[in-house]
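All remarks here apply to the structure that follows.
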Amino acid sequence: MRLTAELALAHRLADAAGDAIRPHFRTGLDAERKGDASPVTIADRAAEEAMRRILTAEVPQDGVHGEEFGTSEGRSGRQWVLDPIDGTASFLVGRATFGTLIALLVKGFPVLGIIDQPIQRERWVGVTGQPTTLNGVAVRTRPCRELSGATIATTGPHYFTADEGDTFMALAQKTDHRRMIMGGDCYNYGLLAAGHLDLVCEAGLKLHDFAALVPVVEGAGGLMCDWNGEPLHGGSAGHVLALGDPARLEDVLEAMGGGDGHDH
């Protein structure tokens with residue numbers, strides 16, 4: 001799958017979002033609270049508006065699903081999925097571990113994904129059937145021979161329910177948990193794709209949170225699935241695993257007690 005024109009468009013979307021975000025970074029910006037209590041800023045909205053303007057002008061037949069402005073149905077069977085700032089809480093405190101997420105879904109499955117960190121100017125690109133790149137250079141996940149040697153990451157314990165937290169800790173305790181990474185949002189998945197950590201385990205993710213990550217992680221040799229080992233799709237319940245070494249999946253699911261993410 002080449003997707004040459006689509007990839008060029010996705011790069012323009014990421015450029016536009018970055019241009020909208022950078023002027024607001026570390027400026028003491030205030031956040032509002034959305035209905036689900038998550039923070040949103042003028043930068044989130046400006047970045048999504050910039051991307052939507054381009055999509056409306058260039059591919060009006062395609063659907064668009066964005067975190068801040070909802071879904072517009074297309075007629076092409078294709079949908080662009082946008083998260084202008086994944087990690088708004090990190091953005092608000094001046095941590096450059098947030099990112100812009102851009103995905104293209106064809107018949108409901110992600111075939112192209114970008115993770116863009118506009119401050120550090122790092123851009124991971126994944127396209128189905130092609131190697132993942134970081135700033136144009138191919139990257140690979142690293143092998144993990146034993147779960148006990150794995151470095152695990154998650155954005156934070158407050159995203160888990162009590163039961164989900166227990167499941168996460170059951171897994172974390174089987175890894176090299178002294179090196180556990182808390183915080184990081186989408187940036188953790190980029191680090192995993194580039195071979196710097198081994199596992200990411202999260203709950204409560206929505207389509208715009210994970211769609212772009214799948215082609216990036218899998219194009220680097222990794223695996224993304226739900227807590228039952230099933231592929232992610234638009235109807236997934238938000239329990240997400242990313243493994244740098246797919247050979248560890250059985251070990252991971254066993255450590256989690258057979259999944260129990262209630263994705264079915």
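Among Lys174, Lys107, Lys206, which comes first, second and so on when ranked by fewest other beta-carbon atoms within 10 Å?
Least to most surrounded, the residues fall as Lys107, Lys206, Lys174.
To check you understand DSSP bridge types, tell me what percent of the beta bridges within the chain (both residues inside) are antiparallel, rounded to 5.
80 percent
Calculate one ³J(HN,Hα) per residue across region 76-85 by plugging θ = phi - 60° into the Karplus curve 6.51 cos²θ - 1.76 cosθ + 1.60, and present them in order as whole Hz with x for glycine and proline.
Result, ordered by residue: 9, x, 10, 9, 8, 10, 10, 10, x, 9 Hz.
With θ taken as phi - 60° and the coefficients 6.51, -1.76 and 1.60, list the Karplus ³J(HN,Hα) couplings across region 126-141 in order, rounded to whole Hz; mark glycine and proline as x.
x, 9, 3, x, 10, x, 5, 10, 10, 6, x, 10, 4, 10, 9, 5
List the chymotrypsin sites (Phe, Trp or Tyr not before Pro) in region 144-177 that DSSP assigns to loop (not H, G, I, E or B) and whose Cβ has at most 11 other Cβ atoms within 10 Å. Which are they?
Of the chymotrypsin sites (Phe, Trp or Tyr not before Pro), not one in the loops of region 144-177 has a Cβ with at most 11 other Cβ atoms within 10 Å.
Looking only at Met182, Met51, Met224, which one moves most when the chain is put into a Gaussian network model with springs between Cα atoms under 10 Å?
Met182
Can you figure out the FRET efficiency of Ser148 with Glu58, using R₀ = 45 Å and their beta-carbon distance, to the nearest 0.05?
Efficiency at R0 = 45 Å is approximately 0.35.
Once both labels are modelled 7 Å past Cα along the beta-carbon direction, what's the Tyr159-Asp19 spacing in nm?
The answer from the label model is 3.0 nm.
Compute the Cα gyration tensor for region 147-255, then decide on rounded, prolate or oblate, letting a ≥ b ≥ c be the square roots of its eigenvalues: rounded whenever a/c is under 1.5, prolate when a/b is larger than b/c in the other cases, and oblate in all that remain. List each step's numbers first, then the result.
Numbers: a/c = 1.32, a/b = 1.08, b/c = 1.22.
Rounded.
Compute the length gained on full extension between Val93 and Met182: take 0.36 nm times their separation in residues and subtract their Cα-Cα distance, giving the result in nm to one decimal. Present the calculation step by step, with values, prior to reporting the outcome.
Details: separation 89, 0.36 × 89 = 32.04 nm, distance 1.52 nm.
Difference between extended and current length: 30.5 nm.
Taking the C-alpha atoms of the chain, how large are the radius of gyration and the largest Cα-Cα span, Dmax, in Å?
Calculated on Cα positions, Rg and Dmax stand at 17.4, 50 Å.
Work out the FRET efficiency for Arg78 and Arg121 from their Cβ-Cβ distance, taking R0 = 25 Å, and round it to the nearest 0.05.
For Arg78 and Arg121, the calculated efficiency is 0.35.
If you fit an axis through the alpha-carbon atoms of helix 162-172 and take the longest principal axis of the Cα set of the chain, what angle between them do you get, 0 to 90°, nearest 10?
The helix 162-172 is inclined about 70 degrees to the chain.
Using 1/(1 + (r/R0)^6) with R0 = 22 angstrom and r between the beta carbons of Thr4 and Glu250, what's the FRET efficiency to the nearest 0.05?
0.05
Since every read-out is calculated from the coordinates, none of them should be taken as a lab result. Being a predicted model, the structure only gives us computed values, none of them experimental. Glycine gets a Cβ as well: all are built from the backbone with ideal geometry, and neighbour counts include every protein chain shown.
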